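Step one of this worksheet: look at the structure below.
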Amino acid sequence: MAFREVTVVQVKEALRRWMRGEGERTVAAGVGLDRKTVRRYIAAAIALGVDRVGGDAQITEELIGQVVEQVRPHRTDGHGEAWRTLVDEEEQIKEWVKQDLTVVKIGILLERRGVRVPARTLARFAVERCGAGRRKPTVRVDDPPPGVELQVDFGRLGLVADGEKRRVCQGLIFTACYSRHQFVWPTFSQTTEEVIRGFEAAWGYFGGVFPVVIPDNMKSIVIEAERTAPRFNDVFIEYAQFRGFVIDAARVCTPTDKPRVERTVQYVQQNFFAGETFVDLVDCRARAETWCTTTAGMRIHGTTQCRPIEAFRAEEQPLLVALASGAFDIPRWSDPKVHRDFHVQVDKAIYSVHHHLIGRTLRARLDSTTLKLYLRGELVKVHPRIAPGGRRTDPADMPTGTEIYATRDVDRLQQLARDGGEAIGRYAAALLDTPLPWTKMRQVYRLLGLVKKWGPDRVEEACQRALDAEAIDVNLVSRMIERAMESTEPDSRPDPDPVVVQGRFARDASEFSSQKEAER
């Protein structure tokens, strides 16, 4: 049972009632003490010579002091016998505390050593003398100057209707550190895009931008939390640069870095959302803004003793950074890899890059109008954004000689054929004169190969003859040139040597003579 100290006033009142003739039970009920406690104080007074006949004049400050000292003897060190017993075991208790043993376990081990003390005394001794459960002191940080810092945190509000079903609604809560004025943005998601929408709504509500924002370690802002050097989301960094504020994220598991908004989360949950019914998210957001202005903003804050909205409008709002015109174009960052066809895929669309970058992983930034590709921080390519499923290829990205075929540039291929000759150009146009001209591009490339092999004059003549005969076949042109070359050029090879080489065991020709057979 917890010990409750008896005050001097209670002792004096108990003796006064007893001297007036009241019994111990009545005195105890009137003073609010236990009857045994009252009995001990009355017995101490009687031992000091007090009786009921002498009246209230006997009750002096000196007498009260003597009575209290007799009932509760003064401890010079403020502790009793059990505490002094634990002092002898202090070094052993400290060793157990270093081993992360609980106070209950330490008490069990002390009993095994023959030391039995009250659990509460042991707990106080372990905390005060041995360092058990000791917490670092909380240092109160002074408020920043007005119009400088804004603390931001997420808090779960509850269920809000979303069509035919109900979804968990989160509250993105903004609290001005100096005035304690706040803004709440209910939302169903915690994506970076939704957080930026909440910030945009907050700047519109406050009428300006706070130079320093202290958010919690939410994933939509902080990618990798670290006590001194957190890594922020690239999209949110761009947004901070666009609006002109600095991000100073709170440390991990350190709510004291954002105490102004930490307590506000519970206030929003209990005072705004609890017990309310909302039609949908739009209705919840509208009523949240009204609540911030009329209820939260007009209350007398317990610490500042001011109305937050009045303090904000008078001291903070004139100091905020002016809200720049225009909305922030939220980009998307990704890390695509350059494939063997010199293209990357971003947001389900395909874009070309220089063929030297095959196999490299680039950093892509895609907004509503432009795609920018970076390699190690250096901008290597810019494309206008295209719709998902589209493809954009820059011929300059292709290896030399492949850009026409890769981009199916039929017009440019025809121009190359016309550069070889007028008939060659018309013949190439005839080859490509189909509903699917790119399917005939290889035949045109072969025609250009004939120009390179035999020269433009011979190919020009062959193409003209083929056009006159309306024979559109590049293989025919090739055969025509080869036959013409065979007929116009004489055979310059020398006659073969008439000497017949006979075999080693060949018989003489005379042996086969018919005349010799007749003589026999």
Practice prompt. Using every Cα-Cα pair within the stretch 332-397, state what percent have a distance larger than 18 Å.
Written response: 23
Worksheet, complete the sentence: From fewest to most C-beta neighbours within 10 Å, the residues Ser487, Ser334, Ser179 line up as Ser487, Ser334, Ser179
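Sum -39500 (n - 2.57) across every DSSP H segment of at least 4 residues in the chain, then divide by the residue count to get the 222 nm mean residue ellipticity, nearest 500. Let's see the in-between values first.
Details: 20 runs with 206 residues, N = 520.
Result for the chain: -11500 deg cm²/dmol, rounded to the nearest 500.
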Practice prompt. Give a residue-ordered list of calculated ³J(HN,Hα) values for the stretch 356-372 (Karplus: 6.51 cos²θ - 1.76 cosθ + 1.60, θ = phi - 60°; whole Hz; x for Gly, Pro).
Written response: 5, 9, 4, x, 7, 9, 9, 9, 10, 10, 10, 10, 6, 10, 9, 10, 10
Item to complete: Let me know the charge dipole size of the stretch 165-257 about its Cα centre in debye, to the nearest 20, where only the beta-carbon of Lys, Arg (+1) and Asp, Glu (-1) is charged.
Response: 400
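Can you give the net charge of the other residues whose Cβ lies under 15 Å from the Cβ of Ser220, counting K and R as +1 and D and E as -1? Write down the numbers at each step before the final one.
Numbers: positive: Arg197, Lys219, Arg231, Arg332; negative: Asp153, Glu193, Glu194, Glu200, Asp216, Glu224, Asp234, Glu238.
Net local charge, Ser220 excluded: -4.
Considering only the other residues whose Cβ falls under 12 Å of the Cβ of Arg40, what net charge follows from Lys and Arg at +1 and Asp and Glu at -1? Write out the running numbers ahead of the final one.
Numbers: positive: Arg35, Lys36, Arg39, Arg72; negative: Glu24, Asp34.
Once all neighbours under 12 Å are counted, the net charge is +2.
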Worksheet item: Roughly what would the spin-label model give for Phe242 and Gln99, points 7 Å off Cα along C-beta, in nm?
Response: 6.0
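Once Rh is set to the Kirkwood radius over Cα pairs, what Stokes-Einstein translational diffusion coefficient, in µm²/s, holds for the chain at a temperature of 4 °C and a viscosity of 1.567 mPa s? Present the calculation step by step, with values, prior to reporting the outcome.
Numbers: Rh = 34.8 Å.
D = 37 µm²/s.
With only Lys, Arg, Asp and Glu charged, each at its Cβ (+1 for the first two, -1 for the last two), find how big the charge dipole of the stretch 408-484 is about the Cα centre; round to the nearest 20 debye. All intermediate terms of the calculation are to be shown ahead of the outcome.
On the way: 13 positive and 12 negative charges, 73 e Å.
So the magnitude is around 360 debye.
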Worksheet item: Once the other residues with Cβ under 14 Å from the Cβ of Tyr427 are scored (Lys, Arg +1; Asp, Glu -1), what is the net sum?
Response: -2
Worksheet item: Residue by residue, what Karplus-based ³J(HN,Hα) values in Hz, rounded to whole numbers, does the stretch 302-314 have, using 6.51, -1.76 and 1.60 with θ = phi - 60° and x for Gly and Pro?
Response: x, 8, 7, 6, 10, 7, x, 5, 6, 5, 5, 5, 7
Discussion item. 5 Å is the cut-off here: which amide hydrogens, built 1.01 Å from N in the peptide plane, fall below it relative to Phe232, excluding neighbours closer than 5 in sequence?
Written reply: Ile223
Worksheet, complete the sentence: Quick note on Ser478, Ser325, ordering by fewest other C-beta atoms within 10 Å, gives Ser325, Ser478
Worksheet item: Under 5 Å between amide H atoms, partner at least 5 residues away or on a different chain: which partners does Asp162 have, H built in plane at 1.01 Å?
Response: Arg167
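May I ask you to give the average projected area over all directions of the convex hull of the Cα atoms of the stretch 8-71, in nm² rounded to one decimal?
Numbers: hull surface 14.4 nm².
Seen from a random direction, the Cα hull of the stretch 8-71 projects 3.6 nm² on average.
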Response to the item:
Counting only residues 5 or more apart in sequence or on a different chain, those whose built amide H sits under 5 Å from that of Lys381 are Leu373
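Where a number appears in this text, it was derived from the coordinates with a stated rule and is not lab data. Keep in mind that this is a model prediction, so the values were computed, not measured. For neighbour counting, all protein chains shown are included, and Cβ atoms are generated from backbone atoms with ideal geometry for every residue, glycine included.
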